[in-house]
Every structure is written in C-alpha cells, then in structure tokens.
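Here is the structure we will look at.
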Protein chains: 2
Amino acid sequence: MQLTMTGEYALRAMLYICSYPMGTFFQISDIAIKNDIPDNFLRKIIPRLCKAGILRSQRGTSGGVSLLKHSKEITPLHVIETVEGEMALNKCLIGSDFCSKERWCSVHILWCETQQKIKEMLSGKTFEELAKTNSERFLHFHSHKQNNKSQKKSKNNKE
Amino acid sequence: MQLTMTGEYALRAMLYICSYPMGTFFQISDIAIKNDIPDNFLRKIIPRLCKAGILRSQRGTSGGVSLLKHSKEITPLHVIETVEGEMALNKCLIGSDFCSKERWCSVHILWCETQQKIKEMLSGKTFEELAKTNSERFLHFHSHKQNNKSQKKSKNNKE
DNA sequence: ATTAAATGTGACAAAAACACTCCTATTTGG
DNA sequence: CCAAATAGGAGTGTTTTTGTCACATTTAAT
C-alpha cells in the first residue's frame with residue numbers, strides 16, 4: 001500500500017526541476033546528488049518521463065534534461081502513473097480476472113470510490129503550485145545553487 | 001500501491017461472516033472454501049482478527065470463530081490495519097527517518113491529506129452496511145448454504 | 001576525424017516482500 | 001484417550017523491488 005522508490009524519486013526529481021525556470025537544463029547526476037537519488041537508478045526513471053512528454057533530453061556534451069511540458073500542466077498523479085504504471089488500490093481494480101463477477105461486491109464499490117478520490121487529490125495540484133509553495137518556504141535552501149544553474153542555463157538555453 | 005492478499009482475504013472473510021447473524025460460528029476451512037482463500041493462509045490471518053477483538057475463536061471439537069465485535073462497529077480500515085499494519089501511502093508517512101526535515105515539502109503535505117482522505121473513506125462504511133448491501137443484491141447466492149449454517153448455529157450457539 | 005561528455009538501454013543481481021505450506025503444539029468435546 | 005478444531009513458528013518458492021554494470025549512442029568541442 002505504498003509508493004515505490006521509483007515513484008518517490010520521480011516526484012523528488014520533478015519537484016526539483018520545477019523549482020527552476022522552464023528551459024533550464026539539468027544533468028541527471030546533478031539531480032541525483034541534490035535529491036539523494038542513486039544515480040544509476042535515476043537514469044532508468046528519467047527516460048520514462050521523457051517518453052511521456054514531460055521532460056525532454058539532450059544527449060552529448062553539455063546535454064541534459066529540461067521540462068518539455070509546463071509545470072502547470074503536470075500533476076503528481078501524472079508523474080506517478082508515468083513511472084509506475086496505472087495506480088490500482090486492489091488487484092480487482094486492474095481489470096483482470098482477479099475478481100469474479102459473482103464476487104462483485106459492496107467492498108469493491110468502496111474501493112472504486114476510494115481510488116477515484118485518491119486520483120482526484122493527486123491530480124488536484126500542479127507542480128507549478130507545489131514548487132512555488134516549496135520555494136516560498138525554503139527559498140534559502142537551494143539559493144546558492146541557483147547561481148550555478150543560471151550560468152548553465154545561459155549555455156544551454158538555445159531553443 | 002496495492003492491498004496485499006492478506007488484506008483482501010481478511011475483507012472477504014469478514015464480509016462473509018458479517019452476512020450471517022451475530023453469534024453464528026464458522027470453521028476456518030468453511031470460510032476458506034466459500035471465499036476462495038487458501039486454507040492454510042487464512043489460518044494465519046484469522047488469529048490477528050481475534051487478537052484485535054474483532055472475532056472470537058473457540059478451539060476443540062465443534063469449535064470455530066464468530067463475531068465478537070458487532071458488525072456495525074467494524075470498518076474496512078479497521079480490518080485492513082489489523083492484518084496489514086498501519087496504512088501508509090509513502091514511507092515518509094511512517095514516522096521513520098526516511099524523510100529528512102529539510103525535505104519536508106509540499107508533496108509531503110499532499111500525501112498527508114490524501115492518506116487522511118483514504119482513511120476517512122475506508123472507515124466511512126461499516127460491515128453491517130456492506131454486508132446488507134451485498135446480500136440484498138445477491139441474496140440468492142449463498143441461500144442454499146444458509147441451511148447448513150443455521151443447523152451449525154443451533155449446535156454452537158451456546159453463549 | 002577524434003575525443004570527451006552526456007544520455008539510453010538491456011542484462012544481471014542482491015535483498016526484500018509476498019503468498020503461501022508444513023509441522024507441531026494446544027485446546028476441547030465426547 | 002481420541003478426534004477435531006484452532007495457534008503459531010519455521011520454512012520455501014516466487015515475484016517485486018532496488019538497484020548495479022557494461023556497453024551503445026549521441027553530440028559539442030577541439
């Protein structure tokens with residue numbers, strides 16, 4: 001009944017990325033270090049976010065990743081389901097043959113309603129809002145890294 | 001992000017038990033067969049419900065289990081947390097050192113709110129209601145077994 | 001062209017969780 | 001004492017999780 005580390009890391013990475021201006025490029029190893037994520041593991045997660053159109057990646061020297069979709073259009077649910085697959089509270093909600101028709105029951109209905117509510121809540125805030133709230137509270141926290149980043153931004157911000 | 005089979009089986013068993021009058025005794029093997037639960041597995045789950053005061057068990061010949069708490073006082077959340085431990089959507093909600101204070105973040109708050117909502121929903125209906133709804137829809141389903149049960153009930157209903 | 005620096009990806013592996021099974025108590029009515 | 005029921009610890013095979021590693025690919029700069 002828990003998010004896996006894959007989802008957790010994806011959320012951390014997205015919150016980090018979204019706390020900088022759109023267009024800023026990041027190296028995966030930088031994201032990993034700043035957010036306590038195993039570098040090699042993050043390298044398996046980021047490409048999924050790229051394929052989903054959330055991030056864009058650039059290979060080669062001075063490459064990296066940056067936001068493709070605007071943070072106001074990205075929600076936690078979106079990120080979680082991108083990296084972990086569709087969320088399902090109970091196996092019988094996946095649509096398999098786990099639940100026989102005979103056992104379609106009142107508890108099943110409760111699961112459906114609960115799951116629906118969760119999805120609403122996890123898609124009720126955008127990363128723009130989340131990142132804003134976060135940086136308002138901790139604007140001192142990454143402040144010294146902003147300089148590095150703006151320098152890098154000017155180098156890579158070519159489109 | 002899913003209920004385990006332990007929780008699923010516990011819910012099935014409770015829904016089954018609560019669809020009969022309070023005081024009715026059931027053998028574990030009977031519950032297992034009627035609800036597609038591996039017998040040996042259910043034997044590891046039932047004792048937890050007994051220790052939590054939800055069920056009562058009777059050893060020895062013509063023993064079994066029956067409701068101890070009234071079904072109107074039992075909720076799905078109660079059953080799930082009894083057999084699976086406290087529900088936590090994210091490791092950082094367990095209270096461990098998973099989440100550093102520095103990373104207390106806006107996503108964390110969203111987790112808290114979502115988890116709270118889930119708990120509200122899963123404790124918003126009692127098994128009395130759930131069993132009633134269920135039997136109204138499928139009162140034909142276990143009807144032929146009611147006879148067996150009432151026979152057994154008269155034998156064991158000694159308190 | 002070469003090279004260095006970045007991401008992409010498939011294979012592999014250790015560890016943990018899950019979903020049981022098995023065996024041996026222990027209790028209880030007859 | 002025996003048969004029938006639950007109690008519970010130990011063990012086991014499978015799957016999932018959480019990575020690691022090696023190698024391939026792409027790209028900018030020299």
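Here, each number is a calculation from the coordinates, and none is a lab measurement. Note that this is a predicted model, so its numbers are computed, not measured. Heads up, the Cβs are rebuilt from the backbone with ideal geometry, glycines too, and the neighbour counts pull from every protein chain shown.
Using a 7 Å offset from Cα along the direction of the beta-carbon, what are the separations from A:Gly23 to the same position in each other copy, nm, ascending? Going from nearest to farthest copy, the values are 7.8 nm. With R₀ set to 35 Å, the beta-carbon distance separating A:Lys132 from B:Lys72 gives a calculated FRET efficiency near 0.15. Average partner chain C-beta neighbours within 10 Å, per residue of B:9-21? Neighbouring Cβ atoms belonging to other protein chains average 1 per residue here.
Here the Karplus relation 6.51 cos²θ - 1.76 cosθ + 1.60, evaluated at θ = phi - 60°, turns the backbone of the range B:85-97 into coupling constants of x, 5, 6, 9, 5, 9, 4, 6, 9, 7, x, 7, 9 Hz, with x for every Gly and Pro. Number of Lys-Lys pairs in the range A:1-116 with C-alpha atoms under 27 Å apart and a separation of 8 or more places or on different chains: 11.
Sorted shortest first, the distances from the B:Ser123 label point to those of the same residue in the other copies are 2.8 nm; each point sits 7 Å from Cα along Cα-to-Cβ. Summing Cβ point charges (Lys, Arg +1; Asp, Glu -1) relative to the Cα centre of the range A:12-92 gives a dipole of roughly 180 debye. Taking R0 as 30 Å, what FRET efficiency do you get between A:Arg48 and B:Ser123 from their Cβ-Cβ distance, rounded to the nearest 0.05? So the FRET efficiency works out to roughly 0.30. When the Cα positions of A:Val79, A:Cys18, A:Gly63 are compared along the charge dipole of the range A:1-133, A:Gly63 comes out farthest toward the positive end, with charges on each C-beta of Lys, Arg, Asp and Glu. When Lys and Arg each count +1 and Asp and Glu each count -1, what net charge do the other residues less than 11 Å away from B:Leu55, Cβ to Cβ, add up to? Combined, the nearby Lys, Arg, Asp and Glu give +4.
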